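Undergrad: Okay, here's the structure, questions in a sec.
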Amino acid sequence: QSPALVSSLSAPFKIIEEGANESALKLRITQSDFFDLRLGPAERYLDIPVSAGETIRLRMERFSIAAPESRFLIGTASGDVETAHPDVIMYRGAIEGESNSHAYLAFSSTGMASGYLRASNGETFYIAQTPDEAVKGWNGDIIIHSQAGGIDLPDGVVTCGVEPPAGFDPHRTAKRMA
């Protein structure tokens, strides 16, 4: 195979341990896999283990939610302080050969990973870390867990989300933006 074809298929997650039940695996990603995801082809296939004997192939494309000229600010009592652009790589796509499926993955330069794979039959696999594992960086365990009928995850595992601050009024924000 040519080098371009080899690098357009990757398997960034390595199985560390099978979970107590068949629907969970402990995984890791290496720093070299992260750099391949960042610097390699923007469109690629990713093989993701979902059980000890099953791997799902994803067709993914790298994307960003921020323009290159975007600025990131931290609000403080004395004013806004500019901070570095987050070193996160995001991919979106679908399960190869499955219409109506969807996949999202995010990888940080510190070894954290999160995301989900949703099959066309509704089965969903979540990829997440407990806070205790996330702070271990490249040595932290990543969990992939299957939930066919809900979103309950193992204790301590969280997924990305947004929680509005106390007293948040979306109508007031919309008026300000108009």
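The values are calculated or read from the model by the stated rules, or taken from the named source; none is laboratory data. Bear in mind the structure is a predicted one, so any value in this text is a computation, not a measurement. With ideal geometry, Cβ positions are generated from the backbone for all residues, glycine too; neighbour counts draw on all protein chains shown. Ligands, DNA and RNA are stripped out before the accessible areas are found, and what is left, the full protein with its side chains, is counted by its heavy atoms. Shrake-Rupley method; radii C 1.70, N 1.55, O 1.52, S 1.80 Å.
Undergrad: Residues in the range 22-47 that are closer than 12 Å to His145 by Cα and out of contact with any His (no Cβ under 9 Å at 6 or more places or on another chain): how many?
TA: Filtering the range 22-47 down to residues closer than 12 Å to His145 by Cα leaves 22-27.
Now narrow it down to the ones that are out of contact with any His (no Cβ under 9 Å at 6 or more places or on another chain): 22, 26-27.
Here the count works out to 3.
Undergrad: Sticking with this structure for a sec: Open to solvent by less than 20 Å² (accessible area, probe 1.4 Å) and either polar (S, T, N, Q) or outside any strand (DSSP E or B) (or both): does that describe Gly122? Explain how you work it out, then say what you get.
TA: Details: open to solvent by less than 20 Å² (accessible area, probe 1.4 Å): no; either polar (S, T, N, Q) or outside any strand (DSSP E or B) (or both): yes.
The answer is no for Gly122.
Undergrad: Could you identify the single residue in Leu58, Leu37 that is surrounded by 12 or more Cβ atoms within 10 Å (Cβ to Cβ), in a strand (DSSP E or B) and either basic (Lys, Arg) or in contact (Cβ under 8 Å) with a residue 40 or more places away in the chain (or both)? Show your work before the answer.
TA: Values: Leu37 fails: in a strand (DSSP E or B).
Of Leu58, Leu37, the one residue that is surrounded by 12 or more Cβ atoms within 10 Å (Cβ to Cβ), in a strand (DSSP E or B) and either basic (Lys, Arg) or in contact (Cβ under 8 Å) with a residue 40 or more places away in the chain (or both) is Leu58.
Undergrad: Same structure, new question: Would you mind telling me which numbered condition in (1) farther than 20 Å from Ile16 by Cβ; (2) not aromatic (Phe, Trp, Tyr); (3) not in a helix (DSSP H, G or I) Ser114 fails?
TA: (1)
Undergrad: Considering only the range 54-65, I want to know if a residue exists there that is of a type in the set (Val, Ile, Thr) and within 19 Å of Asp141 (Cα to Cα).
TA: From the range 54-65, those of a type in the set (Val, Ile, Thr) are 55-56, 65; that's our starting set.
When the remaining residues are screened for being within 19 Å of Asp141 (Cα to Cα), the result is 55.
Yes, the range 54-65 contains at least one residue that is of a type in the set (Val, Ile, Thr) and within 19 Å of Asp141 (Cα to Cα).
Undergrad: Suppose we filter the range 61-103 for residues that are among the small types (Gly, Ala, Ser) and part of a loop (DSSP other than H, G, I, E, B); how many remain? Give the steps one after another, and end with the answer.
TA: Residues of the range 61-103 among the small types (Gly, Ala, Ser): 64, 66-67, 70, 75, 77-79, 84, 93-94, 97, 99, 101, 103.
Pick out the ones that are also part of a loop (DSSP other than H, G, I, E, B) and you get 64, 66-67, 70, 77-78, 84, 97, 99, 101.
Residues that pass the stated criteria total 10.
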